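Participant: Please see the structure below; I have some questions.
Computed from the coordinates by the stated procedures, all read-outs in this text should not be read as laboratory data. All values derive from a computational prediction rather than experimental measurement. Don't worry about glycine lacking a Cβ; one is built from the backbone with ideal geometry, like all the others, and counts go over all protein chains shown.
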Amino acid sequence: MAPAAVVETLTVELDERSYPILIGGGLLQDGAVLGRNVPGRDLLVVTNTTVAPLYSRALAQGLPDRRIVEAVLPDGESHKTLATVSRLLDVLVANRFGRDATIIALGGGVVGDMAGFAGACYQRGVAYVQIPTTLLAQVDSSVGGKTGVNHPGGKNLIGAFHQPVAVIADTATLATLPDRELRAGLAEVVKYGLIRDAAFFAWLEENMDRLLAREPSALAKAIRRSCEIKAEIVGRDEREHGERALLNLGHTFGHAIESATGYAGWLHGEAVGAGIAMAAAMSRACGTLQPEQVARVRALLERAGLPTAASDVRAAAALEHMRMDKKVKAGRIRLVLLRGIGDAFVTGDYADDALRTTVAAHCA
């Protein structure tokens, strides 16, 4: 039997729906951790063709005496659709799962979003557990209860808030993550420093090379601090009525890039990286961010190996997709901008020319 993993635990405080975020190396090998945090006898493990060969067996071995059905989905954002979720619902029905069943999301953000949405819909809600295997999912998408799928008209337009009962982030899974996926996850890490923690942003500037080299202690710190910030914000604003919108820094621009390219060619984190660069430039155009701060943002994104522009997207198409963003109110695109590093705000009060000029400068 593998030795017990060292576990760091954070909590998303949501009263009776509070849940733990467990962070540590080797958690998928720790049957005690899995047993304590995965409820139910009947389990649907949702994973994909990339992750299943790597981790499905270890997960099953850690959950003996459970009835496990596995749904292996094709990999990629282009499959994050209602049709794919319908397949998951068919599996639940065919295997006669009841309301006491649990869905396990084993994979990255796409798997987590669809598994959670299926959990929100099936019999009006069943439990689900997030076991994220990508950096982006470990620092962001697995936490907070946003679930859903894409639509040709826009990113994540169909979905529901449905909180997991636990998030189990095994940092050892990052050893098998492709370099491109690691870099994409770093975009969300940079985001957390920008919206809430200038000292963390400075730490990222000092330690980006360690993160890219996958040094365990550096990755653990980045994951922990990112989850701390998100847990605090979600605990205060679960349904995004106010403060939680700050977590979308770079996403209004980034989602437009993904939608305009048909969810193919760009990883989500890559689009967020370009979106953060655009948000910083827009903040400068609005007079709220100093040029040297814009330069710091751009330099850190470039050091992480992230794109800072979208030359394959027409500016007009990007603007059109931005108008379908979920933060639009009364037809006005609301943006997350920066007053400084570590200080983000949401606004619809900006010059339209500034937005058009910013998008044109970063798109075709």
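Participant: Kirkwood hydrodynamic radius of the chain from all distinct Cα pairs, in Å? Each step should come with its number before you reach the end.
Facilitator: Numbers: mean 1/r = 0.0488 Å⁻¹.
About 20.5 Å for the chain.
Participant: Amide H neighbours of ILE104 under 5 Å, counting only residues 5+ apart in sequence or on other chains, H built in-plane at 1.01 Å?
Facilitator: LEU44, VAL45, VAL46, VAL129
Participant: Along the stretch 281-291, what does the Karplus equation 6.51 cos²θ - 1.76 cosθ + 1.60 (θ = phi - 60°) give for ³J(HN,Hα), rounded to whole Hz, x for Gly and Pro?
Facilitator: 5, 5, 4, 5, 5, 8, x, 9, 10, 6, x
Participant: Work out from phi, with θ = phi - 60° and the Karplus expression 6.51 cos²θ - 1.76 cosθ + 1.60, the ³J(HN,Hα) of each residue of the stretch 217-232, listed in order in whole Hz, and give x for Gly and Pro.
Facilitator: Coupling constants for the stretch 217-232: 5, 5, 4, 4, 5, 5, 5, 4, 5, 4, 5, 4, 5, 5, 4, 4 Hz.
Participant: Next question. Just to verify a number: FRET efficiency for LYS329 and THR9, C-beta to C-beta distance, R0 = 30 Å, to 0.05?
Facilitator: The value I calculate is 0.20.
Participant: Also: Roughly what percent of Cα-Cα pairs across the stretch 179-362 reach past 21 Å? Numbers along the way, then the final one.
Facilitator: Details: 7684 of 16836 pairs.
Roughly 46 percent, once rounded to a whole number.
Participant: For the stretch 56-76 and the stretch 257-313, what is the separation of their C-alpha centers, rounded to whole Å?
Facilitator: Here the answer is 37 Å between Cα centres.
Participant: If amide hydrogens are placed 1.01 Å from N in the peptide plane, which non-local residues have theirs closer than 5 Å to the one on LEU73?
Facilitator: THR47, ASN48, THR49
Participant: How long is the gain from ALA213 to ARG239 if the chain were fully straight, where each residue apart is worth 0.36 nm and the alpha carbon distance is subtracted?
Facilitator: Stretched fully, the ALA213-ARG239 segment lengthens by 5.8 nm.
Participant: Which peptide among 131-142, 9-20 comes first, and what is the full order, when sorted by highest mean count of other Cβ atoms within 10 Å? Can you show the working numbers first?
Facilitator: Working: 131-142: 28.9, 9-20: 14.0.
Most protected by this proxy first, the peptides run 131-142, 9-20.
Participant: What FRET efficiency comes out for the pair ALA32/GLU232, r = Cβ-Cβ distance, R0 = 22 Å, nearest 0.05?
Facilitator: The calculated FRET efficiency here is 0.20.
Participant: Let me ask something else about it. With Kirkwood's inverse mean 1/r over C-alpha pairs for Rh, give me the Rg to Rh ratio of the stretch 1-160, two decimals please.
Facilitator: 0.94
Participant: Once label points are set 7 Å from the Cα along Cα→Cβ at both ARG339 and ASP312, what is their separation, rounded to one decimal in nm?
Facilitator: For ARG339 paired with ASP312, the spin-label model returns 3.8 nm.
Participant: For labels at ARG17 and SER78 in the simple 7 Å Cα→Cβ model, what's the distance in nm?
Facilitator: Those two pseudo-labels are separated by 3.5 nm.
Participant: Given a Förster radius of 41 Å and the C-beta distance between LEU157 and GLU205 as r, what FRET efficiency does 1/(1 + (r/R0)^6) yield to the nearest 0.05? Walk me through the numbers on the way to the answer.
Facilitator: On the way: r = 35 Å, r/R0 = 0.86.
With R0 = 41 Å, the Cβ-Cβ based efficiency is 0.70.
Participant: In percent, what relative contact order does the chain have, based on Cα pairs under 8 Å that are 6 or more apart in sequence?
Facilitator: Numbers: 730 pairs, mean separation 54.6, N = 364.
Relative contact order comes out at 15 percent.
Participant: I'd like the antiparallel share, as a percent to the nearest 5, of DSSP beta bridges with both residues in the stretch 8-176. Each step should come with its number before you reach the end.
Facilitator: Working: 10 of 33 bridges.
So the antiparallel bridges in the stretch 8-176 amount to around 30 percent.
Participant: Separate question: Run the numbers for ALA198 and ARG87: contour at 0.36 nm per residue of separation, minus the present Cα-Cα distance, in nm.
Facilitator: 35.6 nm
Participant: Once amide H atoms are placed 1.01 Å from N in the peptide plane, what residues at a sequence separation of 5 or more from ALA160, or on another chain, have their amide H within under 5 Å of its amide H?
Facilitator: Amide H neighbours of ALA160: THR147, GLY148.
Participant: May I have the pair-distance distribution P(r) for the stretch 284-356, computed from all Cα-Cα distances with 5 Å bins from 0 and rounded to whole percent?
Facilitator: Bins of 5 Å from zero give 3, 13, 19, 22, 24, 16, 3, 0 percent of pairs.
Participant: A follow-up question, please. Only four residue types carry charge here, +1 at the Cβ of Lys and Arg and -1 at the Cβ of Asp and Glu. Report the dipole size of the chain about the Cα centre in Debye, rounded to the nearest 20.
Facilitator: Values: 39 positive and 40 negative charges, 106 e Å.
Dipole about the Cα centre, nearest 20: 520 debye.
Participant: If one takes the longest principal axis of the Cα atoms in the chain, at what angle in degrees, from 0 to 90 and to the nearest 10, does the Cα axis of helix 179-196 lie?
Facilitator: With both axes taken from Cα atoms, the answer is about 70 degrees.
Participant: On to the next question. Against the longest principal axis of the chain, how steep is helix 352-362, in degrees 0 to 90 to the nearest 10, with axes from Cα atoms?
Facilitator: Taking the Cα atoms of the chain, the angle to 352-362 is about 70 degrees.
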